[in-house]
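None of the figures in this text is laboratory data; all of them are computed from the coordinates on show. As the structure is a computational prediction, the values presented were derived from the model and not from experiment. Glycine gets a Cβ as well: all are built from the backbone with ideal geometry, and neighbour counts include every protein chain shown.
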Amino acid sequence: METPRHPGRLFGRLAEALKGIAAKLRRGKPPAMIGLPPSARGLTGRPADPALHAKHAKEVAREWEDVAEYYIQERMRQLGIPDHQIGAPDYQRGGVRRVFLADEAIGGSYGTGRRLFVDSGVLNPELNAEVIGSEASKVWAKARLRDRIEAVIVHEHLEAQGIPHDEVVERAADSDLPIGENARRILRRIAEGVRRRGGR
């Protein structure tokens, strides 16, 4: 995949999305955050060279982990994911429930008991570019973080029900979960791209 022409713009949009999420969280109940928020810790969420953003998705994810954790848990609840399927206890952190895996980079996954997870892959504008093709990759790269997260949740939710991956790719855009139209657009383009490239 070709490098985005304006990586600074992409990162700026990502930073704005995170700021927007953080602002919404401040208006509602406070996130389950230990210590100071990332901005108060001097963390910007920006790699020194914006052109290297894809390589630093995990770094950004770690800086904003608390905000992402709260947002993704809340979004899964709003989409109707049962509470017992939203992440799992992290016993290395005292048994606190975790749904956002900052150190993983595949977009999302599911585990025992159909537990769903989202990871730092949602921050990578080039995620699965070689599999989904250039058109779908462009849609993914330009999409808002919220829409990427919803697309991953739907995909993992269907796979956790035992639906084979190839079928999930085809069916995800028509999910009954109340995701936004932009997330459905991402999922449709991914299905088209995978079809064009002959499947996974």
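Neighbouring Cβ atoms within 10 Å as the yardstick, rank Leu127, Leu79 fewest first.
Working: Leu127 21, Leu79 17.
So the ranking, lowest neighbour count to highest, is Leu79, Leu127.
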- For region 73-200, state what percent of all Cα-Cα pairs lands in each successive 5 Å bin, counting from 0 Å until the bin that includes the largest distance. 2, 12, 21, 25, 21, 11, 5, 2, 0, 0
- Message: Which residue, Ile149, Ala129, Ala173, has the largest displacement toward the positive end of the dipole of region 79-174 when charges sit on each Cβ (Lys, Arg +1; Asp, Glu -1)?
- Response: Ile149
- Task: Mind checking the full-extension length gain between Gln161 and Arg93? Use 0.36 nm per residue of separation minus the Cα-Cα distance, one decimal, nm.
- Result: 21.7 nm
- Query: Once label points are set 7 Å from the Cα along Cα→Cβ at both Ser134 and Leu177, what is their separation, rounded to one decimal in nm?
  - Reply: 3.1 nm
- Message: Please list, ordered by chain and number, the residues whose modelled amide H lies under 5 Å from the amide H of Gly108; skip anything fewer than 5 residues away on the same chain.
- Response: Asp119
- Note on the structure: If amide H atoms are modeled at 1.01 Å from N in the peptide plane, then the residues at a separation of 5 or more from Asp90, or on another chain, having amide H under 5 Å from its own are Gly95, Val96, Arg97, Arg98
- Item | Packing rank of 84-90, 136-142, 162-168, where each peptide gets the mean count of other beta carbons within 10 Å, highest leading | 136-142, 84-90, 162-168
- Which whole-Hz couplings ³J(HN,Hα) result when phi for each residue of region 91-104 is put into the Karplus expression 6.51 cos²θ - 1.76 cosθ + 1.60, θ = phi - 60°, listed in order with x for Gly and Pro? 6, 6, 10, x, x, 5, 5, 10, 10, 9, 9, 5, 8, 9
- Message: Output wanted: per-residue J couplings in Hz (rounded whole) for region 124-138, from phi through Karplus 6.51 cos²θ - 1.76 cosθ + 1.60, θ = phi - 60°, x for Gly and Pro.
- Response: 8, x, 10, 4, 6, 4, 6, 8, 8, x, 5, 5, 5, 5, 5
